[in-house]
Amino acid sequence: MRIHLLLNKKFQSLSNETKLRIFKFLFVGILINFFVACIYLSLIFFNFGSISSLTISYIFGVLSSIYINKNFTFNVKKPSLKIWYNFILIHIFCYVLSQVSNETFLFILKDYKFKYLVSLFITIGLAATVNFVCMNMVIKRFNKENISD
């Protein structure tokens, strides 16, 4: 119960702009991850293996996420290779985190009927949280640098 109160207090202290970004990020994330999950589970069904399936679905998710989050969630209209570079680095880190997380949970849940689905959702939640925090930091830094230009 204390964690809930602490998180609620922290959320209330955020600016309206940050709250809006969080909701946009969640909306985009849910939409993209729905398609990522469909691709992943389809590839698993066709025996591509967990690593190949996650890699292929992740590439789709990364490209979609960078484009949509840059333009919609974070509303960055100015073209910037620096943002793309940083977002790609963030996604590479999150990809490695996702692979480790997915394989770990597949091992832990090895006898569970829905292990692929459960592992995927845990992995998506973890990677999405890390992704948002990192992308938000990049955008804040980018905005500060462009204000001072």
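Key figures for this structure:
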quantity	calculated
Residue ID - nearest to residue 74 (Cα to Cα), chosen from residues in the stretch 1-17 that are at pLDDT 65 or above and surrounded by 10 or more Cβ atoms within 10 Å (Cβ to Cβ)	14
Of residues in the stretch 114-146 being of a type in the set (S, T, N, Q) and over 21 Å from residue 58 (Cα atoms), the one surrounded by the most Cβ atoms within 10 Å (Cβ to Cβ)	143
Search result, residues across the stretch 76-91 that are surrounded by fewer than 12 Cβ atoms within 10 Å (Cβ to Cβ) and modelled with pLDDT of 85 or more	85
Of the criteria (1) among the hydrophobic types (A, V, I, L, M, F, W, C); (2) at pLDDT below 90; (3) not in a helix (DSSP H, G or I), which one residue 48 fails	(2)
Selection count, the stretch 124-149, where residues are modelled with pLDDT of 90 or more and in contact with a Ser or Thr (Cβ under 9 Å, 6 or more places away or on another chain)	1
Filtered residue count, the stretch 66-90, keeping only those that are part of a loop (DSSP other than H, G, I, E, B) and touching a residue at least 60 places away in the same chain (Cβ under 8 Å)	4
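The values are calculated or read from the model by the stated rules, or taken from the named source; none is laboratory data. What you see is a predicted model; the values in this text were computed from it and never measured. With ideal geometry, Cβ positions are generated from the backbone for all residues, glycine too; neighbour counts draw on all protein chains shown.
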